[in-house]
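Data block below; observations after.
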Amino acid sequence: MKNEPKNRKKIILAVAALAAVIALLLCVYHFTKGKTSQGAKTITLEVVHKDQSSNSFEIHTDREYLGEALTDEELVEGENGPYGMFITTVDKETADDANQEWWCITKNGEQVNTSADQTPIADGEKYELTLTVGY
Amino acid sequence: MKSSENAKKITRLVTMGLLSGILVLGQLGMAFLPNIEPVTFLIIAYTLVYGKQVFSIIYAFVLVEGLIFGFGIWWFSYLYIWSILAVLTLLLQKNTSTVIWAVIAGAFGLLFGALCSIPYLISGGPGAAFAYWAAGIPYDILHCAGNFVLTLVLFRPVLGVLKKLNAWQKSSLLARSFSAEKPE
């Protein structure tokens with residue numbers, strides 16, 4: 001009986017601490033996410049297929065993120081994953097999971113550490129989608 | 001004596017397999033909801049009832065996940081993530097409040113992205129690991145909320161069922177060992 005107020009206090013403190021951590025993480029996210037660019041923009045996408053052939057596309061869009069720009073152009077298809085769209089098909093070529101194939105996103109040849117849905121785009125940028133084998 | 005020992009081992013093996021299967025089915029069943037999964041509260045419940053035996057459940061689950069989804073970089077993080085949850089549960093097992101367990105499950109969901117980023121720290125360096133973690137924060141928050149709610153609602157009923165199952169198995173095995181020892 002005597003422990004009830006103590007237990008209640010523990011519960012309230014625990015819930016409050018969780019809420020505080022969530023607020024802190026939201027701040028981290030806000031200050032670290034890439035700045036988006038509004039308005040019309042043109043980006044270039046180079047698709048490198050499994051046979052090493054490549055196609056280049058010039059995309060005119062007013063979208064802020066790469067995933068939505070590519071989806072609008074019907075260049076990609078994907079599945080909903082924990083970090084937005086997980087691209088499975090690009091330019092009509094589907095990555096074969098069983099062979100450890102996957103589509104790698106790069107920007108000017110450099111690694112992009114976010115998913116397509118979380119990659120902000122700006123005018124004049126160049127992206128590559130390369131079918132890669134092996135994790 | 002020997003037959004009751006064998007019965008114990010077989011019962012334990014089958015139970016661990018069944019509980020691993022429930023983890024896999026639960027995860028697959030909710031896969032359409034991003035970062036909402038019953039695995040966290042189930043592992044907490046399993047740990048409280050079965051103690052250290054939970055590690056055999058965890059690694060059977062991790063192996064099956066790898067066989068289903070492929071042994072990608074994410075799989076390496078699964079090798080330690082769920083065990084960390086089990087160890088944390090063992091350390092805090094004296095807690096009896098469902099809300100506190102819900103907070104623990106929620107906090108684990110918040111930490112999930114950070115724990116998953118460790119292989120990226122090794123493969124891509126601190127920049128890659130930080131970017132991976134920071135980009136996933138909204139999903140970690142969703143994971144936290146999902147774990148909190150699922151644990152709050154399902155923890156007690158599921159824990160009750162597991163405790164009954166465990167008690168029934170123990171009493172059945174005990175009755176079997178007495179009848180095995182009974183002189184003719």
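Once the C-beta distance of A:Lys107 and A:Val15 is scaled by a Förster radius of 51 Å, the resulting FRET efficiency is 0.80 to the nearest 0.05. Under the criterion of Cα pairs below 8 Å and six or more residues apart, the relative contact order for chain B equals 29 percent. Label zone (B:Met30, point 7 Å along Cα-to-C-beta; backbone nitrogen cut-off 18 Å) within region B:149-171: B:149-162.
Considering only the Cα atoms of region A:41-133, their convex hull presents on average a projected area of 5.5 nm². Report summary: the helix-based calculation at 222 nm, which adds -39500 (n - 2.57) for every DSSP H run with n ≥ 4 and divides by the residues of chain B, gives -30000 deg cm²/dmol. Full extension of the chain segment joining A:Arg8 with A:Ala98 gains 27.3 nm, where the gain is 0.36 nm per residue of separation less the Cα-Cα distance. Using only alpha-carbon positions in chain B, the gyration tensor eigenvalues give semi-axes of 35, 19, 13 Å once each is multiplied by 5 and square-rooted (largest first). If r is the Cβ-Cβ distance from A:Glu77 to B:Tyr59 and R0 is 35 Å, what FRET efficiency results, to the nearest 0.05? It comes to 0.50. Counted by neighbouring Cβ atoms within 10 Å, the residues A:His60, A:His49 run from fewest to most as A:His60, A:His49.
Within chain A, antiparallel bridges make up roughly 85 percent of the DSSP beta bridges whose residues both belong there. Packing-based ranking of B:39-50, B:134-145 yields B:39-50, B:134-145, ordered from highest to lowest mean Cβ neighbour count within 10 Å. Compute the long axis of helix A:3-32 from its Cα atoms, compare it with the longest principal axis of the Cα atoms of chain A, and write down the angle in degrees, 0 to 90, nearest 10. The helix A:3-32 is inclined about 30 degrees to chain A.
Using the alpha-carbon positions of the protein assembly as shown, Rg (one decimal) and Dmax (whole number) come out as 24.2, 91 Å. Per residue of peptide B:135-142, the mean number of Cβ atoms on other chains within 10 Å of the residue Cβ is 6. Rounded to the nearest 10 degrees, the inclination of helix B:98-116 to the longest alpha-carbon principal axis of chain B is 50 degrees.
Only the coordinates and a few stated rules stand behind these numbers; no lab work does. Because the structure is a prediction, the values reported are computed rather than measured. For neighbour counting, all protein chains shown are included, and Cβ atoms are generated from backbone atoms with ideal geometry for every residue, glycine included.
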